[in-house]
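Single-structure report; data block below.
The values are calculated or read from the model by the stated rules, or taken from the named source; none is laboratory data. Computed from a predicted structure; not experimentally measured.
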Amino acid sequence: MSRGAGEVATIHISPEAEGAMRSVRTVRAVPGRGLEGDRYFRAVGTYSDRPGAGREVTLIELEAIEAMARDSEAQIAPGDARRNVVTRGVALNHLVGREFRVGDVRMRGVRLCEPCSHLESLTRRGVLEGLVHRGGLRAQILTEGDIHVGDPIELIFPTRAPPCHAGASDRDGTRRVRPMDGTPAR
């Protein structure tokens, strides 16, 4: 993903499990909690009682929703996918295990958000099959901040250590790798 390649198309929250998703222009993201006003922020979502990371925020590609409609004729509105952030122009599957930024909010992709029969029961027949392997991403919120419709989505590239090459051995015979910039190995 290149810098600025993706953006937030729409944002959706629901205050209760199985409740209607409401479209908002801005939402507050809080680490360890989720999106203010959403069911998982309040720990009342359908799966809130299941431990594990990845319930703070969910994302889905608008292109995946459009492809499902084209390929399977199962058409749903972006909010009906029951994901919080609908994106445009970013391959979310590639963000598993990676840090990225949505506007000013840093996140980490935790795992894919594959569709389930519960989603299909709340929407329509064909959604489960239509979103397999393109149901979105579950993410952990790393920094607090507001997310707005239109915000850019950017991959955060890790800082790299200076290149290293093999160096001399310690007195005990262990080999050390020393940075090529001349600083001593630790």
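Checking the conditions here, which among L119, L95 is modelled with pLDDT of 80 or more and in the same structural domain as R55 (by TED's automatic domain parsing)?
L95
Is there a residue in segment 17-28 that is more than 16 Å from L92 (Cα to Cα), at pLDDT 95 or above and not in a strand (DSSP E or B)?
First pass over segment 17-28, keeping only residues more than 16 Å from L92 (Cα to Cα): 17-28.
Next cut, at pLDDT 95 or above only: 24-28.
Next, only the ones that are not in a strand (DSSP E or B) stay: 25.
Looking for residues that are more than 16 Å from L92 (Cα to Cα), at pLDDT 95 or above and not in a strand (DSSP E or B), one finds at least one in segment 17-28, hence yes.
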